[in-house]
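J.: Here it is: the structure, laid out below.
The values are calculated or read from the model by the stated rules, or taken from the named source; none is laboratory data. Since this is a predicted model, take the numbers as computed values, not measurements. Cβ: placed from backbone, ideal geometry, glycine included. Neighbour counts: every protein chain shown. These accessible areas exclude ligands, DNA and RNA; they are computed on the full protein's heavy atoms, side chains included. Shrake-Rupley method; radii C 1.70, N 1.55, O 1.52, S 1.80 Å.
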Amino acid sequence: MKDSFGRTIDYLRLSVTDLCNYRCTYCMPEEGVCKRAHAEILSIEALYEIAAAAVRCGVKKIRLTGGEPLVRRGILELCRMLRQIPGLETLAMTTNAGLLAPMARELKDAGVDRLNISLDTLDAARFAAITRRGRLADALAGLDAAKAAGFTNTKINAVLIGGVNEDDIAPLAALTKCESISVRFIELMPMGECAHWPAGRFLPADAVLRTLPDLAYVDNDGVAERYRLPGAIGTVGLIRPMSCKFCSRCSRLRVTADGKLKPCLHSGEEISLRGLHGKALEAAILDAAQKKPAAHTLGLREPSHAARDMNEIGG
Ligand code: SAM
Ligand code: SF4
């Protein structure tokens with residue numbers, strides 16, 4: 001499907017829960033989020049119905065996100081159901097990997113094609129401090145298990161937090177040396193928990209280029225500028241929602257765990273999909289594509305207009 005600016009919209013990010021086993025400082029309050037009534041969260045069947053309608057409208061890739069998708073009851077069943085949708089080319093998932101080790105093979109068998117693993121640091125104490133609950137060892141075990149289960153093209157996503165994890169740029173990038181892995185550094189966006197953090201926390205991705213002057217430019221895959229360390233197998237990516245918008249290449253729609261379709265991550269516009277079926281559901285999805293803005297207005301002095309935190313939208 002095309003939006004009103006001629007962009008092809010073929011990518012759906014589907015949030016399957018707003019709950020999470022971690023409490024990352026920039027994403028969630030320490031006390032967690034109020035558990036929504038069971039009836040407010042989309043059922044597995046409703047998630048499937050929305051996904052199938054989106055594919056009929058032209059979506060080719062679905063990414064399951066959250067909250068943490070692996071805490072969602074029925075996640076494997078959902079993956080198996082989504083995999084059956086004719087026309088769906090890629091089923092991906094973004095996870096913090098804390099629960100991945102025992103589930104990696106089942107996810108692969110359920111039809112998940114690719115994983116993005118969020119990992120902001122390789123320092124165990126810093127990992128515990130950022131996530132407030134997580135253990136680095138579990139995330140690394142998850143990463144190993146994904147490889148053993150046959151996942152390829154896995155991406156590691158690290159949010160850059162000024163004054164917190166600059167020291168991790170070099171060790172994280174070094175993971176690309178011997179493996180065909182992509183490590184992507186993402187600029188922190190001012191929304192929810194970190195909307196009013198001091199400016200110094202919002203580190204421009206150029207910090208990566210300053211830290212690693214040997215990085216050689218490879219290409220731009222639409223979202224990330226990709227670079228390679230000398231002799232490395234994998235790539236280092238820079239995702240710059242703040243310093244260099246990629247809205248002109250945006251291909252996404254997002255659905256929140258409570259069934260609201262968001263044309264743009266940072267706008268307050270939401271279209272409720274609850275209770276819609278068949279052609280009415282398809283019409284709402286096509287309508288959301290038409291409502292995509294040309295670009296977001298996010299900036300350091302202009303926090304996100306999304307009336308929700310990241311754990312509710314899914315990044
Ligand atoms: N729990 C899963 C995870 O952490 O991978 C999936 C959901 S999480 C909201 C998706 C991604 O959004 C994570 O990589 C996280 O680091 C990122 N994220 C959360 N808040 C952010 C912010 N304010 N700016 C940039 N990225 C953010
Ligand atoms: Fe949970 Fe992911 Fe948010 Fe961290 S970034 S609190 S892992 S949803």
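J.: Within the stretch 185-195, can one find any residue that is within 16 Å of ligand 2 (Cβ to nearest atom), closer than 24 Å to Asp144 by Cα and of a type outside the set (Asp, Glu)? Before you say what the answer is, go through the steps one by one.
T.: So the first thing to find is which residues in the stretch 185-195 are within 16 Å of ligand 2 (Cβ to nearest atom), and the list is 185-195.
Subset that is closer than 24 Å to Asp144 by Cα: 185-186.
Subset that is of a type outside the set (Asp, Glu): 185-186.
There is at least one residue in the stretch 185-195 that is within 16 Å of ligand 2 (Cβ to nearest atom), closer than 24 Å to Asp144 by Cα and of a type outside the set (Asp, Glu).
J.: Any residue in the stretch 252-266 that is touching a residue at least 12 places away in the same chain (Cβ under 8 Å) and surrounded by fewer than 19 Cβ atoms within 10 Å (Cβ to Cβ)?
T.: No: the stretch 252-266 contains no residue that is touching a residue at least 12 places away in the same chain (Cβ under 8 Å) and surrounded by fewer than 19 Cβ atoms within 10 Å (Cβ to Cβ).
J.: Say whether the condition of being free of Cβ contacts under 8 Å to residues at least 24 places away in the same chain and over 30 Å from Ser267 (Cβ atoms) is met by at least one residue in the stretch 189-198.
T.: Of the residues in the stretch 189-198, the ones free of Cβ contacts under 8 Å to residues at least 24 places away in the same chain are 198.
Narrowing the set further to residues that are over 30 Å from Ser267 (Cβ atoms) leaves none.
Scanning the stretch 189-198, I find no residue that is free of Cβ contacts under 8 Å to residues at least 24 places away in the same chain and over 30 Å from Ser267 (Cβ atoms), so the answer is no.
J.: Right, next: Name the one entry in Arg7, Arg23 that is basic (Lys, Arg), away from ligand 1 (no atom under 13 Å from the Cβ), at pLDDT 90 or above and farther than 19 Å from Ala92 by Cα. Show your work before the answer.
T.: Numbers: Arg23 fails: away from ligand 1 (no atom under 13 Å from the Cβ).
On inspection, the qualifying residue turns out to be Arg7.
J.: Regarding Arg184, is this residue over 26 Å from Tyr11 (Cβ atoms), among the charged types (D, E, K, R) and within 13 Å of ligand 1 (Cβ to nearest atom)? Reasoning before the result, please.
T.: Details: over 26 Å from Tyr11 (Cβ atoms): no; among the charged types (D, E, K, R): yes; within 13 Å of ligand 1 (Cβ to nearest atom): yes.
Against the criterion (over 26 Å from Tyr11 (Cβ atoms), among the charged types (D, E, K, R) and within 13 Å of ligand 1 (Cβ to nearest atom)), Arg184 does not qualify.
Residues checked against (1) within 12 Å of Leu12 (Cβ to Cβ); (2) at pLDDT below 95; (3) more than 17 Å from the chain's Cα centre (by Cα):
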| residue | (1), (2), (3) |
| --- | --- |
| Ala37 | no, yes, yes |
| Leu42 | no, no, yes |
| Leu76 | no, no, yes |
| Ala92 | yes, no, no |
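J.: Can you tell me which residues in the stretch 54-69 are among the hydrophobic types (A, V, I, L, M, F, W, C) and open to solvent by 10 Å² or more (accessible area, probe 1.4 Å)?
T.: Let us first name the residues in the stretch 54-69 that are among the hydrophobic types (A, V, I, L, M, F, W, C), namely 54-55, 57, 59, 62, 64.
Passing the criteria: Val55, Cys57.
J.: Looking for something closer than 28 Å to Arg126 by Cα, within 11 Å of ligand 1 (Cβ to nearest atom) and either surrounded by fewer than 18 Cβ atoms within 10 Å (Cβ to Cβ) or of a type outside the set (D, E, K, R) (or both) - is there at least one such residue anywhere in the stretch 34-53? Spell out the reasoning first.
T.: The initial filter retains those residues of the stretch 34-53 that are closer than 28 Å to Arg126 by Cα, namely 34-35.
Going one step further and asking which of them are within 11 Å of ligand 1 (Cβ to nearest atom), we end up with none.
No: the stretch 34-53 contains no residue that is closer than 28 Å to Arg126 by Cα, within 11 Å of ligand 1 (Cβ to nearest atom) and either surrounded by fewer than 18 Cβ atoms within 10 Å (Cβ to Cβ) or of a type outside the set (D, E, K, R) (or both).
J.: Just give me the residues in the stretch 102-118 being within 15 Å of ligand 1 (Cβ to nearest atom) and surrounded by fewer than 22 Cβ atoms within 10 Å (Cβ to Cβ), in sequence order.
T.: Let us first name the residues in the stretch 102-118 that are within 15 Å of ligand 1 (Cβ to nearest atom), namely 103-104, 107, 112, 114-118.
Within the stretch 102-118, Met103, Arg114, Asn116 meet the criteria.
J.: What are the residues in the stretch 129-160 that are in contact (Cβ under 8 Å) with a residue 40 or more places away in the chain, in a loop (DSSP other than H, G, I, E, B) and within 15 Å of Gly98 (Cβ to Cβ), if any?
T.: Result: Arg132, Arg133, Gly134.
J.: Hey, any hits in the stretch 153-161 for a residue that's within 16 Å of ligand 2 (Cβ to nearest atom) and among the small types (Gly, Ala, Ser)? Outline the logic, then answer.
T.: Within the stretch 153-161, the subset within 16 Å of ligand 2 (Cβ to nearest atom) is 155-161.
Right, trim to among the small types (Gly, Ala, Ser) and you get 158.
Yes: the stretch 153-161 contains one or more residues that are within 16 Å of ligand 2 (Cβ to nearest atom) and among the small types (Gly, Ala, Ser).
J.: Being part of a helix (DSSP H, G or I), open to solvent by 20 Å² or more (accessible area, probe 1.4 Å) and at pLDDT 85 or above is the requirement here; does Ala288 meet it? Give the derivation first.
T.: Values: part of a helix (DSSP H, G or I): yes; open to solvent by 20 Å² or more (accessible area, probe 1.4 Å): no; at pLDDT 85 or above: yes.
In short, no.
J.: Kindly check whether there is at least one residue in the stretch 74-93 that is within 16 Å of ligand 1 (Cβ to nearest atom), more than 17 Å from Arg274 (Cα to Cα) and either open to solvent by 30 Å² or more (accessible area, probe 1.4 Å) or touching a Phe, Trp or Tyr at 6+ places or on another chain (Cβ under 9 Å) (or both). Spell out the reasoning first.
T.: Taking the stretch 74-93 and keeping what is within 16 Å of ligand 1 (Cβ to nearest atom), we get 75, 78-79, 91-93.
Now narrow it down to the ones that are more than 17 Å from Arg274 (Cα to Cα): 75, 78-79, 91-93.
Then drop every residue that is not either open to solvent by 30 Å² or more (accessible area, probe 1.4 Å) or touching a Phe, Trp or Tyr at 6+ places or on another chain (Cβ under 9 Å) (or both), which leaves 78.
Yes, there is a match, as at least one residue in the stretch 74-93 is within 16 Å of ligand 1 (Cβ to nearest atom), more than 17 Å from Arg274 (Cα to Cα) and either open to solvent by 30 Å² or more (accessible area, probe 1.4 Å) or touching a Phe, Trp or Tyr at 6+ places or on another chain (Cβ under 9 Å) (or both).
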